[in-house]
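Read through the structure below, which is laid out as structure tokens, and then see the notes.
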């Protein structure tokens, strides 16, 4: 239902802007609507200390989701508008929506008694082959080269929202040497949201070939909630949560080829690298007690590549 809700909002916005020429006091100089599909690979890890000061030990527990393989579907729209066709300065706006289903991945959960990841007393590996990811971004800015048909340079300001809904199943306990352990069905759900600044570049290499890229720097409020289903000493469905401030860098690269009038086919690649400062974990015990400790850091990186179809008007 959440995915259908976001798609309906985006599609309705596209339609309302596309036919706005005779209703709004703006002129649509250009519009691109991209639909894409492809593969994505994510890694996410976090670790916490033994107390709120970051000690006893410095790293008590560390979880890593590695090689999350994701099938992704995207919608990317860009519009350039002005008051009339003769304006020297166009105004660029757009939004981007990506939704992906995780179909393969793994998790490692390690616990330590000594500082700096020493005296390890627990290591559990598990599958992470379910869950989903979501990215939504809105942006706008002035086209500084509006009257140049060969290239564009556009400074952007935007706001983005990102989710990873991750799972842990099929546990295998390596330390101590126990082996397979049944019943694991835990979740860790993240949110990254906040403003960003960036630049959009576009160059027409030949009449039928176009290359574009977008670079973004993000400020993010990070939050996460976990349900550790096998921990009877913790509450459910909120066993603990995380809060921290973070930042991220996103690089998007596109190569588009003109098939025929108004239609292009292209390749899209995206790289993201995010991290947080130290934050707070709150653990909600079954008896109602809330314990706080230091969340040392969260790290997330993502690489995706896909094919897209572009309609321009």
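Taking region 269-313, which residues are more than 19 Å from residue 246 (Cβ to Cβ) and assigned to a loop (DSSP other than H, G, I, E, B)?
Scanning region 269-313 gives 286, 287, 288, 289, 313.
Please count how many residues of region 229-267 are out of contact with any strand residue (DSSP E or B) (no Cβ under 7 Å at 6 or more places or on another chain) and surrounded by 13 or more Cβ atoms within 10 Å (Cβ to Cβ).
1
Out of region 187-198, which residues are surrounded by fewer than 20 Cβ atoms within 10 Å (Cβ to Cβ) and either more than 15 Å from the chain's Cα centre (by Cα) or not in a strand (DSSP E or B) (or both)?
Within region 187-198, 187, 197 meet the criteria.
Filter region 62-114 for residues that are at pLDDT 95 or above, over 17 Å from residue 189 (Cα atoms), surrounded by 15 or more Cβ atoms within 10 Å (Cβ to Cβ) and more than 19 Å from the chain's Cα centre (by Cα) and give the result.
110, 111, 112, listed by residue number.
Quick check on region 42-58: of everything there that is under 18 Å from residue 125 (Cβ atoms) and surrounded by 16 or more Cβ atoms within 10 Å (Cβ to Cβ), which residue is nearest to the chain's Cα centre (by Cα)? Before you say what the answer is, go through the steps one by one.
Applying the first criterion (under 18 Å from residue 125 (Cβ atoms)) to region 42-58 yields 42-47.
Then keep just the ones that are surrounded by 16 or more Cβ atoms within 10 Å (Cβ to Cβ); that gives 42, 44-47.
Working: 42: 9, 44: 11, 45: 14, 46: 16, 47: 20 Å.
Looking at the filtered set, the residue picked out is 42.
Could you tell me how many of the residues in region 115-128 are within 29 Å of the chain's Cα centre (by Cα), more than 30 Å from residue 161 (Cβ to Cβ) and part of a strand (DSSP E or B)? Give the derivation first.
Residues of region 115-128 that are within 29 Å of the chain's Cα centre (by Cα), as a first pass: 117, 123-128.
Cutting the leftovers down to more than 30 Å from residue 161 (Cβ to Cβ) gives us 117, 123-125.
Next cut, part of a strand (DSSP E or B) only: 123-125.
Total satisfying the criteria: 3.
In contact (Cβ under 8 Å) with a residue 40 or more places away in the chain, under 17 Å from residue 202 (Cα atoms) and within 25 Å of the chain's Cα centre (by Cα), is that true of residue 305?
Answer is no for this residue.
Does residue 34 satisfy the condition of being surrounded by fewer than 13 Cβ atoms within 10 Å (Cβ to Cβ), at negative phi and at pLDDT below 95?
no
For region 210-217, does any single residue satisfy the condition of being closer than 30 Å to residue 297 by Cα, over 15 Å from the mean Cα position of the chain (by Cα) and either touching a residue at least 12 places away in the same chain (Cβ under 8 Å) or not in a strand (DSSP E or B) (or both)?
The answer is yes, given that some residue of region 210-217 is closer than 30 Å to residue 297 by Cα, over 15 Å from the mean Cα position of the chain (by Cα) and either touching a residue at least 12 places away in the same chain (Cβ under 8 Å) or not in a strand (DSSP E or B) (or both).
Just checking, how many residues over region 129-148 are out of contact with any helix residue (DSSP H, G or I) (no Cβ under 9 Å at 6 or more places or on another chain), more than 9 Å from residue 91 (Cα to Cα) and either part of a strand (DSSP E or B) or modelled with pLDDT of 95 or more (or both)?
8
The values are calculated or read from the model by the stated rules, or taken from the named source; none is laboratory data. A quick note: this is a predicted structure, and the numbers were derived from the prediction, not measured. Here Cβ is always computed from backbone atoms with ideal geometry, including for glycine, and neighbour counts include all displayed protein chains.
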